[in-house]
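Okay, so here's the structure we're looking at.
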Amino acid sequence: MDVLRRRVSSIAARARAQRHEGGAVDDREPPADVEIRRASIASPVAQALIEALNAELSSRYPEEGANHFALEEGEVAEDRGAFLVARDGDGRPLGCGALRRLDARTAEIKRMYVAPEARGRGVARAVLAALEAEARRLGVTRLVLETGERQPEALALYSQSGFRRTPPFGEYVDSPLSVCLEKLL
């Protein structure tokens, strides 16, 4: 875990130093009391976080077919991807995120979520940095993700983290509310 925490801090330091389009610089530190670990997507903690994420997305996007919840346990298995859970110093789950490999060089960020009471503390940024570290460990050179136009906080996070718009891919090609992004590592 110390290795992952150091890796996240190193990535966060590089992100702070990197100027993004529009001159914005992200200078926030990841929260010191947050620990990010791999977890089984089938665990009760993961399922509770995913259920909360699905409920929030369903309320923002009630349209039929607007949500893409599919993610199988095998897609986040060791050396194929990851499912990570962020916890506070007392072990309470704060958020999660997943990485699934699409091909030898590309992986997709999925299931990014932070509990409402933990938002604004840099938890999502720390989870994203940990997922990027895992992608690099797997030899991935390109990350893609899908978010929605009704999620301005997610769009801001990804933009500040160096993601740029890309044409829709995979299951999102015919999804008019989807915003697809990519980042080269």
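What follows draws every value from the coordinates through simple rules; no lab data is involved. Keep in mind it's a predicted model, so treat the numbers as computed, not measured. Methodologically, a virtual Cβ is constructed for each residue, glycine included, from the backbone with ideal geometry; neighbour enumeration extends over all protein chains shown.
For the range 96-103, putting each phi into the Karplus relation 6.51 cos²θ - 1.76 cosθ + 1.60 with θ = phi - 60° gives couplings of 7, x, 9, 9, 10, 6, 9, 7 Hz, in residue order, rounded to whole numbers and with x for Gly and Pro. If the chain linking Asp103 and Leu185 were pulled fully straight, counting 0.36 nm for each residue of separation and taking away their Cα-Cα distance, it would gain 28.0 nm. Sorting 53-61, 112-120, 92-100 by their mean Cβ neighbour count within 10 Å, with the most densely packed peptide first, gives 92-100, 112-120, 53-61. Note on Ser43/Asp88: beta-carbon distance plugged into 1/(1 + (r/R0)^6) with R0 of 25 Å gives a FRET efficiency of 0.90. Couplings 3J(HN,Hα) of the range 73-90, computed from phi: 4, x, 6, 10, 5, 3, 6, 10, x, 6, 10, 10, 10, 9, 10, 7, x, 8 Hz, in residue order, whole Hz [Karplus 6.51 cos²θ - 1.76 cosθ + 1.60, θ = phi - 60°; x for Gly and Pro]. Pairs of Cα atoms nearer than 8 Å and 6+ residues apart set the relative contact order; for the range 24-97 it is 40 percent. Near Thr106: Cβ cut-off under 9 Å, other residues only, Lys/Arg at +1 and Asp/Glu at -1. The net charge is 0.
Checking a compactness column here: for the range 90-182, what do you get for Rg(Cα) / (2.2 N^0.38 Å), N being the number of residues? It would help to have the intermediate numbers written out before the result.
Values: Rg = 13.3 Å, N = 93, 2.2 N^0.38 = 12.3 Å.
Dividing the Cα radius of gyration by 2.2 N^0.38 Å gives 1.08.
Other residues with beta-carbon under 11 Å from the beta-carbon of Ala86 carry, at +1 per Lys or Arg and -1 per Asp or Glu, a net charge of +2. If the segment from Arg150 to Ala32 were pulled out straight at 0.36 nm per residue, it would be longer than the present Cα-Cα gap by 39.5 nm.
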